[in-house]
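Please read the structure below before turning to the comments.
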Amino acid sequence: MRKRLLIGLVLAALMVMVLPATAMAGRAVRSHEVPTGACGPCIGADGQAWLTRTDNGLTMQVHATGLEPGAAYTVWWIVDDGDGSFFVQNASGGLVGGTGEARFSGHVSVGDIADADGVVVLFNEGDGSFDDPMGATVTLHVVTHGVVAPADIPENISTILGATGLSLEFVLAP
């Protein structure tokens with residue numbers, strides 16, 4: 001009886017390890033990195049960005065330094081799908097701590113993109129969908145909103161409202 005239980009547990013553990021690997025087997029994944037000092041323009045700040053492309057969408061990470069301590073920042077996807085579809089939407093946002101350093105991350109999935117509302121989705125041209133994460137040209141804009149009152153933090157870390165300028169730009173071609 002104990003031997004059967006042990007064999008069952010070993011088989012279950014193997015299935016847990018093998019099934020995710022099998023599910024990932026046919027998925028295309030490609031990553032890009034823009035190293036520190038290679039962003040442009042870098043206005044009073046510096047940083048690096050990473051972009052991971054899969055058939056299901058895009059995932060970005062930005063590590064920025066030299067930002068204004070206590071200020072709110074947003075990161076924006078600018079995606080040219082290559083087929084005439086083009087959109088600009090919020091990717092991430094947050095407040096910068098006392099060191100002037102921040103990390104942002106975000107994901108956009110393939111599928112329909114919301115209509116442009118001028119606040120979270122700034123622009124949506126084309127067929128209204130995102131369907132080519134592997135071939136899209138992606139630009140990430142890090143935008144400053146300055147130091148904001150506590151009541152204004154939510155809108156200043158998730159929308160374009162209160163934006164005062166561009167701090168960093170990363171272009172990640174396919």
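Since every read-out is calculated from the coordinates, none of them should be taken as a lab result. Here the structure is a predicted model, which means the values were calculated and not measured. Here the Cβ is made from the backbone with ideal geometry for all residues, glycine too, and neighbour counts use every protein chain on show.
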In order through segment 74-90: 3J(HN,Hα) via Karplus (6.51 cos²θ - 1.76 cosθ + 1.60), integer Hz, x for Gly, Pro: 10, 10, 10, 6, 10, 10, 9, 6, x, 10, x, 8, 8, 9, 10, 8, 5
Rounded, prolate or oblate (a/c below 1.5 giving rounded, otherwise prolate when a/b exceeds b/c) for segment 62-139 by Cα gyration tensor: prolate
Label-to-label distance, nm, for residues given as Asp55 and Val171 (7 Å Cα→Cβ offset): 3.1 nm
Derived scalar couplings ³J(HN,Hα) [segment 65-73; Karplus, 6.51 cos²θ - 1.76 cosθ + 1.60; whole Hz; x for Gly, Pro]: 10, x, 7, 6, x, x, 8, 8, 9
Segment 157-171 versus segment 75-129: alpha-carbon centroid distance in Å: 11 Å
Extension reserve of the Val119-Ser105 stretch, reckoned as 0.36 nm per residue once the Cα distance is removed: 3.1 nm
